[in-house]
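The values are calculated or read from the model by the stated rules, or taken from the named source; none is laboratory data. No experiment lies behind these values; they were computed from the predicted model shown. Ideal geometry is used to build each Cβ from the backbone, glycine not excepted, and the neighbour counts take in all protein chains shown.
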Amino acid sequence: MGSSSTVDISAMQEIMLEFRAAKMVFVGKKFVPDSRKGLVRIGRGDEGLLHFQWLDRNLNAVEDVS
């Protein structure tokens, strides 16, 4: 996680939890809020592993994945 680039990933097999969430960015010595609307999604991928994703709700694009 931690990168701010858009990541191309395969679709999740099962979405277990999903909720609206903002995002903070570390700038210098403090955190600054990101003004974009987001969505946190936790789900099981095709390979059987759990994934944590942050999506930009306006672009409907996955940005952070772990």
message: Tell me whether region 11-30 contains one or more residues that are basic (K, R), touching an Asp or Glu at 6+ places or on another chain (Cβ under 8 Å) and part of a loop (DSSP other than H, G, I, E, B).
response: no
message: With the requirement that a residue be over 14 Å from S66 (Cα atoms), of a type in the set (G, A, S) and under 12 Å from the mean Cα position of the chain (by Cα), what does region 14-49 give you?
response: A21, A22, G38
task: Only residues that are assigned to a loop (DSSP other than H, G, I, E, B) and within 15 Å of E63 (Cβ to Cβ): list them for region 31-46, please.
output: S35, R36, K37
- prompt: Quick check, is F52 within 12 Å of the chain's Cα centre (by Cα), at pLDDT 90 or above and assigned to a strand (DSSP E or B)?
  reply: yes
message: Report every pair of residues separated by at least 6 positions or lying on different chains whose Cβ atoms are under 9 Å apart, first residue within region 16-29 and over 21 Å from L50 (Cα atoms), second of a type in the set (A, V, I, L, M, F, W, C).
response: M24/F31; M24/V32; V25/F31; V25/V32; F26/V32
